[in-house]
Structure formats: structure tokens, C-alpha cells
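Scroll down for the structure; my scribbles are underneath it.
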Amino acid sequence: MAPRYQIISLSGMDGCGKSTIIDKLMDELRHRGISSRTVWLRYNHYTTRALLAVCRIIGLTKYERVGGVRVGYHNFHRSRVVSHLFIVLTLLDTFLATLLTVYIPAMISGSVVICDRWVADILVDLEVDTRFRLDRSSLYRKMFLSMVPRRARCFLIERRSEELLGTRPENGIDRNFPTRLSLYRKLAAEGVLDVVENNTTVDAAVDRILRALRPGAAAENMER
């Protein structure tokens, strides 16, 4: 397989199996003589760190512990000023992280860069935290998606809800779990992400990704 796509991202709910799939995908690429590296791009706190500290002090960020499991909530929706500021700073942080860990390394090394979470996950987090509708008409959403090159390939790793709940106990406690799940599926329905089901074996999920990366494979014909 020729590496038609030099930037690949895997997005999805906690517990969907992204890390395991990435490890297997890197092994398969290595066996085919293709070098790759992985980066984690969900939280990139360069300029947002100070704002997050303030939000913790004033009570917009809170943590709950249920049955020994700790779950955090950003209630930025209570302040439109904080919400807008957090999105703008997150946009800047995401650009800096993408430039430093994705664009430049891809250009210098020529390796395939696999992003463990990226723009889609950040959009989901922002919509949950601020309750702003980051739909197709949103300027914020357009600015975030503009960071994804046309030749990048972005996948949503889907898993049955009962598996997500069984794998990660915090999913069953997190009040935002249903919202997150629906937001990911909405992005897939809108064509931002290609769905790869991970309800059987890791090998099967990786095979679907590899077939989608082949030259001539159309994103719209991605097998679910």
C-alpha cells in the first residue's frame, strides 16, 4: 500500500479502542515498509492553561467522584465571555500543536502521522463545555476544520454503547456521555469523519482503515 494519506486521525469516545487500533495500524504499516509516528492531540494547553486555572477557582470547572471514579465538568456555558475566550484560545492552541507535532514533522520526516484524537474531538469537547452549536454555519467550526488538509483522512471509531460503558466505567457516570456520543455521530453523518466499526476484532477494524487508505479508495464508499 502506498501512503496516499500522510496524515491520519482516529477520533471517538473513550473506550472505543483507538489506542489499540493505532498500535496495530502502525505495526501493519511498518510491515509494509511505511514509517509512521503517533501524536495525541485532544488537550493542548498552551494559552488556555491560565484560563482553566481561573475557571477552577471561580467554580466553572468542577470534579465529582462517584464510586471511586473521578469525572470532571467544564461549565463554561454559564459565561458567554468565558466560552468565547476558551474557544478562541483553544483554536490557537490547536493550531500551534498541529503545526509543531503534525505539519512540520510530516514535512521533515516524510512519515505517516497518526493523530490519536484531533480536531473532531476538540469540537465535541467544546460544544459540550460551552453548549454553543458548532454546526456547519459556525465560523468557529470552519476555522477548526480548516486545519485539516484535504489529503488527511479522519476516522470515527464506533463501538456499541454497552461496550463503551463496560470498558470505561466513567462513561456510565458522565452526564455528558449521551451528548458526546450524538455529537460524534453527527460529525460522521455530515461527512467530517468516516466510520470504522470496532465491534468485532481489532484486525477487522484495522483492515477497514487500510482498505480506505488505498489509492483510489473513495471516502464516501467507506465500508462501515
Looking at region 164-216, which of the residues that are in a loop (DSSP other than H, G, I, E, B) and under 25 Å from residue 77 (Cβ atoms) is least open to solvent (accessible area, probe 1.4 Å)? 193
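When you scan region 38-54, how many residues do you find that are outside any helix (DSSP H, G or I) and open to solvent by 80 Å² or more (accessible area, probe 1.4 Å)? Spell out the reasoning first.
Within region 38-54, the first condition is being outside any helix (DSSP H, G or I), and the residues that meet it are 38-48.
The next check asks that each one be open to solvent by 80 Å² or more (accessible area, probe 1.4 Å); those that pass are 40, 43, 46.
Going through region 38-54 one residue at a time, the tally reaches 3.
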Could you give me the residue pairs with C-beta distances under 8 Å whose first residue belongs to region 197-214 and is at pLDDT 95 or above, whose second residue is in a loop (DSSP other than H, G, I, E, B) and among the small types (Gly, Ala, Ser) wherever it lies, and which are 6+ apart or on separate chains? 198/17; 202/17; 205/17
Where a residue in region 93-105 is in contact (Cβ under 8 Å) with a residue 24 or more places away in the chain and its partner, wherever it lies, is open to solvent by less than 10 Å² (accessible area, probe 1.4 Å) and assigned to a helix (DSSP H, G or I), with Cβ under 8 Å and at least six apart: 94/119; 94/122; 94/144
Can you tell me which residue is nearest to the chain's Cα centre (by Cα) among those in region 1-13 that are at pLDDT 95 or above and not β-branched (Val, Ile, Thr)? 11
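Closer than 15 Å to residue 21 by Cβ and over 14 Å from the mean Cα position of the chain (by Cα): does that describe residue 213?
Details: closer than 15 Å to residue 21 by Cβ: yes; over 14 Å from the mean Cα position of the chain (by Cα): yes.
Judged against the criteria, residue 213 is a match.
Counting only residues that are assigned to a strand (DSSP E or B), within 28 Å of residue 172 (Cβ to Cβ) and touching a helix residue (DSSP H, G or I) at 6+ places or on another chain (Cβ under 6 Å), how many does region 7-37 have?
Let us first name the residues in region 7-37 that are assigned to a strand (DSSP E or B), namely 7-11, 36-37.
Subset that is within 28 Å of residue 172 (Cβ to Cβ): 9-11.
Keeping just the survivors that are touching a helix residue (DSSP H, G or I) at 6+ places or on another chain (Cβ under 6 Å) gives 10-11.
Selection size over region 7-37: 2.
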Region 16-27 residues that are over 20 Å from residue 180 (Cβ atoms), paired with ones that are small (Gly, Ala, Ser) (beta carbon under 7 Å, 6 or more apart): 26/36
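Residues 140, 184: which one is closer than 21 Å to residue 20 by Cα and among the hydroxyl-bearing types (Ser, Thr, Tyr)?
Values: 140 fails: closer than 21 Å to residue 20 by Cα.
Going through 140, 184 in turn, just one is closer than 21 Å to residue 20 by Cα and among the hydroxyl-bearing types (Ser, Thr, Tyr): 184.
Given the options 184, 140, name the one that is under 12 Å from the mean Cα position of the chain (by Cα) and of a type in the set (Ser, Thr, Tyr).
Working: 140 fails: under 12 Å from the mean Cα position of the chain (by Cα).
Of 184, 140, the one residue that is under 12 Å from the mean Cα position of the chain (by Cα) and of a type in the set (Ser, Thr, Tyr) is 184.
In region 120-134, is there at least one residue being in a helix (DSSP H, G or I) and free of Cβ contacts under 8 Å to residues at least 12 places away in the same chain? Please lay out each step first, then the result.
Initially, region 120-134 is screened for residues in a helix (DSSP H, G or I), giving 120-130.
Next, only the ones that are free of Cβ contacts under 8 Å to residues at least 12 places away in the same chain stay: none.
The answer is no; no qualifying residue exists.
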Subset tally (residues that are touching a strand residue (DSSP E or B) at 6+ places or on another chain (Cβ under 7 Å) and part of a helix (DSSP H, G or I)) for region 55-102: 3
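The values are calculated or read from the model by the stated rules, or taken from the named source; none is laboratory data. Note that this is a predicted model, so its numbers are computed, not measured. FYI the Cβ positions are ideal-geometry reconstructions off the backbone, even for glycines, and counts take in every protein chain you see. Accessible surface is based on the protein model in full, side chains and every heavy atom, while ligands, DNA and RNA are left aside. Shrake-Rupley method; radii C 1.70, N 1.55, O 1.52, S 1.80 Å.
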